[in-house]
Amino acid sequence: MKIFLVTTCAVIALAGMAQAQQKPALSDDAYMKRVMTAAPPQVVEQATVVRMDNSGGMKTMKKGTSVWTCMADEASEGNGAPMCLDANAMEWLNALMSHGPAPQKTGFVYMLAGDDGSANKDPYAEKKTADNHWVVTGPHVMIVGPAAATLGYPRTADPDPTKPYVMFPGSPYEHVMIPMK
């Protein structure tokens, strides 16, 4: 699990390093406040909280007592997409970020602060273009892994983000987005 976490965090750090260098770093307190918005308080309170350090390594801000790991993408332009992932979802995120094979396990992700958007047809697109089907989802949870393909939610390129849908349909990383109101 630790190797997955280190690899995932390193990939996330490298992907956003240029933007991160242009933005002032959050204080540790501000970062923790941002992460606290990712999931219900009882989840974050028991979770391990990680943050990328200046060298691209992983820094554990708080050691948790549960299967949850919480983090925020500080390179993001918007709210930093804070998230809390269970152990299976961490494996899935590592596979996504490293272009590796998607694990055949079901995982769960909280993103109760919403996201800054993603190209629904290209998991690696970094910004909105005229043809990449960019979708921004408000507060939501995600189900990752093989169960996503079996739940019967819409698999369209341009989904309604106010209703459950499959993100990255047809890719090894497809997952269900379930908006929370």
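Only the coordinates and a few stated rules stand behind these numbers; no lab work does. Given the structure is predicted, the values throughout are model-derived calculations rather than measurements. Cβ coordinates were reconstructed from backbone atoms using ideal geometry, including for glycine residues, and neighbour counts include every protein chain displayed.
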Pop the C-beta distance of Met61 and Ala130 into the FRET formula with R0 = 35 Å and round what comes out to the nearest 0.05. 0.35
Filtering chymotrypsin sites (Phe, Trp or Tyr not before Pro) in region 77-181 by DSSP loop and by at most 14 other Cβ atoms within 10 Å leaves Tyr124
Based on the alpha-carbon gyration tensor of region 65-175 and its eigenvalue square roots a ≥ b ≥ c, which shape applies: rounded if a/c is under 1.5, prolate if not and a/b is larger than b/c, or oblate? rounded
Report the GluC sites (Glu not before Pro) located in region 45-109 that are in a DSSP loop and have at most 16 other Cβ atoms inside 10 Å of their Cβ, or state none. Glu77
